Structures are given as structure tokens and as C-alpha cells.
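Colleague: Would you mind keeping the following structure in view while I ask a few things?
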Amino acid sequence: MAETTATFDTTSDLTNKLLEKEINSRPIKNLPSSSSLAKELDIRAGNYTLSNRLDPKETYYDRTLGYSPNFNAIDPGQDMGLAGNGNIGIGRGGKRDYYFVTDKETGEIQVVRKGQFGNDDIIGSVVKNEDGSSSFVPFEGSNGRNGTINEIEHFSKPENITKVKNLQMMLH
């Protein structure tokens, strides 16, 4: 089956599952604690932070094993920041490192950009299509799209979808 590029934005199944788990773990579902609310906001925005770490019982991931594709997340002269190129702030373009998170239950693979100080951003997910092929689906969080134009173009190419799947299979 050929790899394809998805043309729609969505949250991921893994993100929705993590959000539901966080909300269901509250003593009173509609009344989050301040730490639970902070974690919920991170989940909705597509950020893995110090207060929002993944559960190794549910996912395969290793932040220390990175993928460095050697392209600029934002080219010199491109618009930066939330205005149109993901959530990379001004002056933080250039080459970035990524890692992958696999949902043990569904097999969904998230592509995550490593950030400074452990604040990481979900760029999108490699998902299985009904015909057995795979697509890259850009992540759309509560703050908008996390990925830059260059990142989405890179990870949407069929050869890079295959590369992500192969690299992640080697890690677990």
C-alpha cells in the first residue's frame, strides 16, 4: 500500500485518550485542581511538558533517541510564530530534533518536536488508513497548528511516513 498525505487537520486519538483519562481521574470531573487544569491545557494544546509526561504503560517513546532530519523548521525570512507557521517563537527556527510516541493500543505514531526545557510539541500523527496505507495528519490543538509549513511538508512525504514507521518499529 502506498503512503499518502492527509489533507485535513485533527487532534489525535492518543491526545483525545490522554485528555479523557485526565478528566476521568479527577475526584469531581467538572472541578479540576490547578495541576489537573494545567495538564489539561497542555494536552489540548498538544504539548508534552514537565507536568504532562507520557505513561510508559500506554506508549512507546524515548525522548533521548531523536530523529534529526536536517532541514530548517522555519527558513530564513519565513514568518515565524503563531501567525502562520506553527508555534515556534521568533528567533527559534533552524534545524530541530524530533522523537516519536506510539500508542500501544492503536499503533498511532505521534511526531513530536523536542523543545527547550522539556516542553515538546506534537507536530502530527502517522495514522493507518482503511486501505492499509498510512497518512500523516497535522496536529491542530487549542492554540492552533503546532507544526510549521516545512515540518508538515517533510513529514507528509510518503518516503518520510515510511521512515517514521520504520524508525519507531526499531525502538520497541
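Colleague: Of Ser35, Ser51, which residue is surrounded by fewer than 20 Cβ atoms within 10 Å (Cβ to Cβ), at pLDDT below 70 and outside any loop (DSSP other than H, G, I, E, B)?
Modeller: Only one candidate passes the filter, namely Ser35.
Colleague: Filter the stretch 153-172 for residues that are in contact (Cβ under 8 Å) with a residue 60 or more places away in the chain and surrounded by 18 or more Cβ atoms within 10 Å (Cβ to Cβ) and give the result.
Modeller: If the condition is that a residue be in contact (Cβ under 8 Å) with a residue 60 or more places away in the chain and surrounded by 18 or more Cβ atoms within 10 Å (Cβ to Cβ), then His154, Ser156, Asn160, Ile161, Val164, Gln168 are the ones that fit.
Colleague: I would also like to ask the following. Check Thr59 against each of (1) more than 30 Å from Glu153 (Cβ to Cβ); (2) surrounded by 12 or more Cβ atoms within 10 Å (Cβ to Cβ); (3) modelled with pLDDT of 75 or more and name the one condition it does not meet.
Modeller: Condition not satisfied by Thr59: (1).
So that you can scan it fast, the table gives a plain yes or no per residue for (1) modelled with pLDDT of 75 or more; (2) of a type outside the set (Gly, Ala, Ser); (3) surrounded by 14 or more Cβ atoms within 10 Å (Cβ to Cβ):
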position	(1), (2), (3)
Asn70	yes, yes, no
Arg92	no, yes, yes
Lys95	yes, yes, no
Val101	yes, yes, yes
Val111	yes, yes, yes
Gly115	yes, no, yes
Gly124	yes, no, yes
Ser135	yes, no, yes
Asn143	no, yes, yes
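The values are calculated or read from the model by the stated rules, or taken from the named source; none is laboratory data. None of the values given here were measured: they were computed from a predicted structure. Please note: Cβ atoms are built from the backbone with ideal geometry, for glycine as well, and neighbour counts cover all protein chains shown.
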